[in-house]
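All remarks here apply to the structure that follows.
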Amino acid sequence: MSHTRRAAVLGSPVAHSLSPALHNAAYRKLGLDGWTYGAVELDEAALPGFFERIGGPEEQGWAGFSVTMPLKRAVIPLLDRISDTAASVEAVNTVVLTDDGRRLGDNTDIPGMVAALAERGVERVERAAVLGAGATASSALAALARICDGEVTAYVRSDARAAEMRQWGERLGVPVRTADWAAATEAFDAPLVIATTPAGTTDALAASVPERPGTLFDVLYDPWPTALAAAWQGRGGAVVGGLDLLVHQAVPQVEQIPGRAPAPLAAMREAGEAALAARS
């Protein structure tokens, strides 16, 4: 009988994901010789069938998954239980398969954001701004609920998105004010700005970075640096990047799926940096 244990990132597209590099580096550092971590391309339509096959003759040895877009909400009905953190934003990025057959969901994006900021010395802020209003923006609000003492301003493109962000704020206990994307450069007055938008969206804002910016958390990691992050650093501002987030959200995944703690953060970051460098 094979004692190989498997884990993987699920989503679409996933070919670009750095998660295999991070997790496999962790497994090597921890001496988990029988563990492998890969990537499985799945859209929302294919996800239920994949979960039905888990444990069958062709899908043995699975221990857990990282879950990325577009599956973070679609996976919830397929699970036996989700954590309070995941429930707070209706999004799961971590699934643990227990020995007794249960499927447990968690969200490590939120503590990952908090940890990435804390690593750069940002533990409390008086107010903050969020650029964007997608699924990552709701996780950003949940993270800010833990570290922000005042109002969060969300810059969005539509009234519908604005209403969603205000609803998330009410749900998470964060006072949220919304503003039109056309005024997004006003966000730069905040001591903390979290950019949650797709690649290229904030490029036009780079020329408006002020002389003495606070901290920018840009959730992208490829391409890196973004035009906004480069301009921010050029003005002497502190920048937290998408690789920081990816590493810090992967740490609790390693600690939950193989169940080994502490996860080797430094080795995981080094593997991520090497994988990104190989692409350039």
Original post:
In deg cm²/dmol, rounded to 500, what helix-only [θ] at 222 nm does the chain give when every DSSP H run of at least 4 residues adds -39500 (n - 2.57) and the total is split over its residues?
Top reply: -11000 deg cm²/dmol
Subject >> √(5λ) per eigenvalue of the Cα gyration tensor, the chain, largest first, Å >> reply: 33, 21, 16
Subject >> Sites Ile76 and Glu186 - FRET efficiency at Förster radius 30 Å, r taken between beta-carbons, to 0.05 >> reply: 0.25
Original post:
Quick one: accessible area per residue over the range 110-240, 1.4 Å probe, rounded to a whole number of Å²?
Top reply: 43 Å²
Original post:
If we restrict to alpha carbons, what Rg and Dmax does the range 1-123 come to, in Å?
Top reply: 14.9, 49
**OP:** Please report, as a whole percent, how much of the solvent-accessible surface of the range 110-240 comes from carbon and sulfur atoms (probe radius 1.4 Å).
**Re:** 45 percent
Original post:
Out of the DSSP beta bridges found with both residues in the chain, what percent are antiparallel (nearest 5)?
Top reply: 15 percent
Original post:
Gain in length, Arg146 to Ala179, computed as 0.36 nm per residue apart minus the alpha-carbon separation, to one decimal in nm?
Top reply: 9.6 nm
Original post:
For the range 113-148, which trypsin sites (Lys or Arg not before Pro) are both in a DSSP coil and crowded by at most 12 other Cβ atoms within 10 Å?
Top reply: Arg124
Original post:
For Thr178, which sequence-distant residues (separation of 5 or more, or a different chain) have an amide H within less than 5 Å of its own amide H, given hydrogens modelled in the peptide plane?
Top reply: Ala154
**OP:** On each of the three principal axes of the Cα atoms of the range 110-240, give max minus min coordinate, whole Å, ordered largest first.
**Re:** 36, 31, 26
**OP:** List the relative contact order of the chain as a percent without decimals, with contacts defined as Cα pairs under 8 Å and 6+ residues apart.
**Re:** 18 percent
**OP:** Please identify every one of the trypsin sites (Lys or Arg not before Pro) in the range 186-280 that sits in a loop by DSSP and has no more than 15 other beta carbons within 10 Å of its own beta carbon.
**Re:** Arg235
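The values are calculated or read from the model by the stated rules, or taken from the named source; none is laboratory data. Model, not experiment: these values are computed from the prediction. Here Cβ is always computed from backbone atoms with ideal geometry, including for glycine, and neighbour counts include all displayed protein chains. Ligands, DNA and RNA are stripped out before the accessible areas are found, and what is left, the full protein with its side chains, is counted by its heavy atoms. Shrake-Rupley method; radii C 1.70, N 1.55, O 1.52, S 1.80 Å.
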